[in-house]
């Protein structure tokens with residue numbers, strides 16, 4: 001089922017997600033619905049907060065993106081990112097490796113807003129898979145950027161928090177309007 005994507009202004013986007021201790025049928029259904037929602041919205045990642053659930057859960061799939069390549073090592077073995085997709089990550093922890101670069105980002109919770117965001121070009125993420133097994137992901141390219149973006153969501157951090165002050169200032173009126181339109185109550 002395609003879920004409603006929560007937009008900027010809804011307080012759930014600022015909530016740190018609760019750790020997932022048990023993979024219940026409800027969690028499995030949420031994951032399925034999150035994939036459906038992400039694909040319907042033409043996104044490459046979706047965090048549980050973006051569908052109104054403050055949990056440490058994200059789904060990703062960069063396989064269809066041709067112009068922003070990624071590399072991926074899964075549990076120490078190099079794999080083709082296209083064949084490893086889609087990814088389900090529970091309780092992910094991420095560490096940034098080395099240099100940073102600017103890149104264009106958008107967010108399903110901020111329709112029609114994109115900006116250049118500085119992110120590490122290489123990351124290592126440790127998480128649990130859907131079957132509860134620990135997984136380690138080393139990524140570069142779009143996948144590294146998407147991992148950072150989604151793990152930020154799981155911790156209540158939004159991509160606007162990573163914008164330069166000049167970019168954020170230029171977007172102030174659009175952000176205020178979006179926030180006002182989506183505030184509950």
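Every read-out reported here was derived from the displayed coordinates using simple, explicitly stated rules and does not represent laboratory data. On a predicted model such as this, the values are computed, not experimentally measured, just so you know. Positions of Cβ are backbone-derived with ideal geometry, glycine not excepted, and every protein chain shown enters the neighbour counts.
A few notes on this one:
- If you go through segment 6-33 and pick out every residue that is surrounded by 17 or more Cβ atoms within 10 Å (Cβ to Cβ), within 16 Å of residue 149 (Cα to Cα) and in contact with a strand residue (DSSP E or B) (Cβ under 8 Å, 6 or more places away or on another chain), you end up with 3.
- The residue list 108, 147, 171, 143 contains one member that is within 22 Å of residue 21 (Cα to Cα), surrounded by 14 or more Cβ atoms within 10 Å (Cβ to Cβ) and touching a strand residue (DSSP E or B) at 6+ places or on another chain (Cβ under 7 Å), which is 147.
- Answer residue from segment 150-159, given it is part of a helix (DSSP H, G or I) and touching a strand residue (DSSP E or B) at 6+ places or on another chain (Cβ under 7 Å) and is surrounded by the most Cβ atoms within 10 Å (Cβ to Cβ) among those: 150
- The condition (being in contact with a strand residue (DSSP E or B) (Cβ under 7 Å, 6 or more places away or on another chain), within 25 Å of residue 20 (Cα to Cα) and without any contact (Cβ under 8 Å) to a residue 12 or more places away in the chain) is satisfied by just one residue among 134, 92, 86: 134.
- Hits in segment 55-77 - residues which are over 22 Å from residue 106 (Cβ atoms) and under 15 Å from the mean Cα position of the chain (by Cα): 55, 56
- Test for residue 69: is it under 22 Å from residue 135 (Cβ atoms), in contact with a helix residue (DSSP H, G or I) (Cβ under 8 Å, 6 or more places away or on another chain) and loosely packed, with under 15 Cβ neighbours inside 10 Å: yes
- Residues of segment 1-35 satisfying the condition of being assigned to a loop (DSSP other than H, G, I, E, B), in contact with a helix residue (DSSP H, G or I) (Cβ under 6 Å, 6 or more places away or on another chain) and without any contact (Cβ under 8 Å) to a residue 60 or more places away in the chain: 1, 2, 3
- Residue in segment 44-67 that is out of contact with any strand residue (DSSP E or B) (no Cβ under 8 Å at 6 or more places or on another chain), in contact (Cβ under 8 Å) with a residue 12 or more places away in the chain and under 20 Å from residue 123 (Cα atoms) present: yes
- Yes/no for residue 67 being assigned to a helix (DSSP H, G or I) and over 17 Å from residue 149 (Cα atoms): no
- Residue selection: residue 130 fails the criterion of being surrounded by 13 or more Cβ atoms within 10 Å (Cβ to Cβ) and under 22 Å from residue 13 (Cβ atoms).
- For segment 172-185, the tally of residues that are over 21 Å from the mean Cα position of the chain (by Cα) and either within 23 Å of residue 118 (Cα to Cα) or in a helix (DSSP H, G or I) (or both) stands at 7.
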